[in-house]
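*Asks:* Please read through the structure below; I'll follow up with questions.
All of the numbers you see were taken from the coordinates with simple rules; none came from a lab. Please read all numbers here as calculations on a predicted model, not as lab measurements. Note that each Cβ is placed from the backbone with ideal geometry, even for glycine, and that neighbours are counted across all protein chains shown.
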Amino acid sequence: MRYEGRIFRPPGEWKSYLLQCTIGCSNNSCTFCGMYKDKQFRVRPLKDILEDIDMAKARYGNSVKRVFLCDGDAIIMRQEELLAILEKLYASFPALEKVTTYAGPRSTLAKTPEQLRQLRQAGLARAYLGMETGWDELLAKVKKGVNAQQMLEAGIKLREAGFDLWVMVILGLAGKGEASRTHALESAKMVNEMKPRHLSALTYMPDEGSEMCDDVNAGRFQMLSPFEIMEETRVLLENITVGPIHFTCDHASNYLSLKGTIPEETPKFLSMIDGALSGSVRLRKEEWRGL
């Protein structure tokens, strides 16, 4: 297997064989993200990708059960190339259960519903969508590349095509004051309309090499305190009314680990948050947090 630069994957893909299909991210302008700033986006030649699958077959044999297509947006690839990759993967690994990928919202919108269904039927099972926020103003501010309506349409399009849709929001992304509450309320509203099967809430941490990190260091952006993050999390959770949604808030960046089903376990989550706000539930120490 050959990799270029740093490789990232969702926490849940830790058992997956990572197949690099694109280099970097097709957007790569988000102010909060420094993951792919050292890469010039491009799609790898199909020949190289298929060779990597042969190399993985030689190394792992029939043990591969999951594959994650990286880097930041394999959905952007030409349809025939993605289908060829999926066909090769399932032919090479008889025990393969699922193939997953990050899905860029603009790339998703560029695919027809029929193309997305075709990819799903070919074995691309799960799409991770970095929603980040449901607030239109904040999406523009962090240079996500789409507005709120487009983000919503991308998520619904993936869900309706049959994908196991996993979306991510970033707590603390809007900063302090009323912006924090608006971010939480608008994000909850988008989740209610998008209806994903999974929702992960991460907590913003400055990522070196990103615009937002520079703003933090220069004092132009005021990060939320741990208790303000708890308050924002509470607003988010108490306003999500659809379900069942598998909810995780147990990333290394989070101050309080929450994991379960919304809305069934929402009262338990709110009770834990209230405990954290009152001081009876301990939060993760700052030095134990990480990206």
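*Asks:* So if I place +1 on the C-beta of Lys and Arg and -1 on the C-beta of Asp and Glu, and nothing else carries charge, what would the dipole magnitude of the stretch 172-291 be about its Cα centre? I want it in debye, nearest 20.
*Replies:* So the magnitude is around 380 debye.
*Asks:* Which one of Trp166, Trp135, Cys33 is farthest out on the positive end of the charge dipole of the stretch 11-288, using unit charges on Cβ (Lys, Arg +1; Asp, Glu -1) and the Cα centre as origin?
*Replies:* Trp166
*Asks:* Over the chain, what is the mean sequence separation of C-alpha contacts under 8 Å (at least six apart), divided by residue count, expressed as relative contact order in percent?
*Replies:* Reported relative contact order: 14 percent.
*Asks:* With the dipole of the chain worked out from charges on the C-beta (+1 for Lys and Arg, -1 for Asp and Glu) around the Cα centre, which of Ile245, Ala103, Ala122 lies farthest toward the positive end?
*Replies:* Going by the Cα projections, it comes out as Ala122.
*Asks:* If you don't mind, another one. Rounded to the nearest 20 debye, what is the charge dipole size of the stretch 11-288 about its Cα centre when +1 sits on each Lys and Arg Cβ and -1 on each Asp and Glu Cβ?
*Replies:* The calculation lands at about 680 debye.
*Asks:* Under the rule of at least 5 residues apart or a separate chain, name every residue whose amide H is placed under 5 Å from the amide H of Phe68.
*Replies:* Amide H to amide H, under 5 Å and 5 or more residues apart or across chains, Phe68 pairs with Tyr17, Leu18, Leu19, Thr100.
*Asks:* Once the dipole of the stretch 11-288 is set up with Lys and Arg at +1 and Asp and Glu at -1 on Cβ about the Cα centre, which of Ala184, Phe93, Val67 lies farthest towards its positive end?
*Replies:* Projecting each Cα onto the dipole axis, the largest value belongs to Phe93.
*Asks:* Which percent of Cα pairs goes in each bin when the distances of the stretch 140-291 are cut into 5 angstrom slices starting at zero?
*Replies:* So the P(r) values, bin by bin, are 2, 9, 17, 22, 21, 15, 9, 4, 0.
*Asks:* Quick one: Cα convex hull volume of the chain, Å³ per residue?
*Replies:* Measuring per residue, one finds 126 Å³ for the Cα hull of the chain.
*Asks:* List the pairs from Lys144/Lys268; Lys98/Lys144; Lys39/Lys144 whose alpha-carbon separation is above 23 Å, in the order I gave them.
*Replies:* Violating the 23 Å Cα-Cα cut-off are Lys144/Lys268; Lys98/Lys144.
*Asks:* Below 13 Å, Cα to Cα, which aspartates and glutamates can Lys143 reach? Residues fewer than 8 away in the same chain don't count.
*Replies:* Glu132, Glu211
*Asks:* Can you divide the C-alpha Rg of the stretch 104-181 by 2.2 N^0.38 Å and report the result to two decimal places?
*Replies:* Expressed relative to 2.2 N^0.38 Å, the Cα Rg reads 1.20.
*Asks:* In what sequence, highest mean first, do 143-152, 162-171, 69-78 appear when ranked by Cβ atoms within 10 angstrom?
*Replies:* Going from most to least packed, we get 69-78, 162-171, 143-152.
*Asks:* Right, something else. By residue number, which cysteines of the chain lack any other Cys whose Cβ falls under 4.7 Å from their Cβ?
*Replies:* Cys21, Cys25, Cys70, Cys213, Cys249
*Asks:* Separation of the stretch 220-276 and the stretch 99-159 by C-alpha centroid, Å?
*Replies:* Result: 23 Å between the Cα centres.
*Asks:* Using alpha carbon coordinates only, what is the Rg to Rh ratio of the stretch 49-122, with Rh defined as the Kirkwood radius?
*Replies:* Rg/Rh: 0.98.
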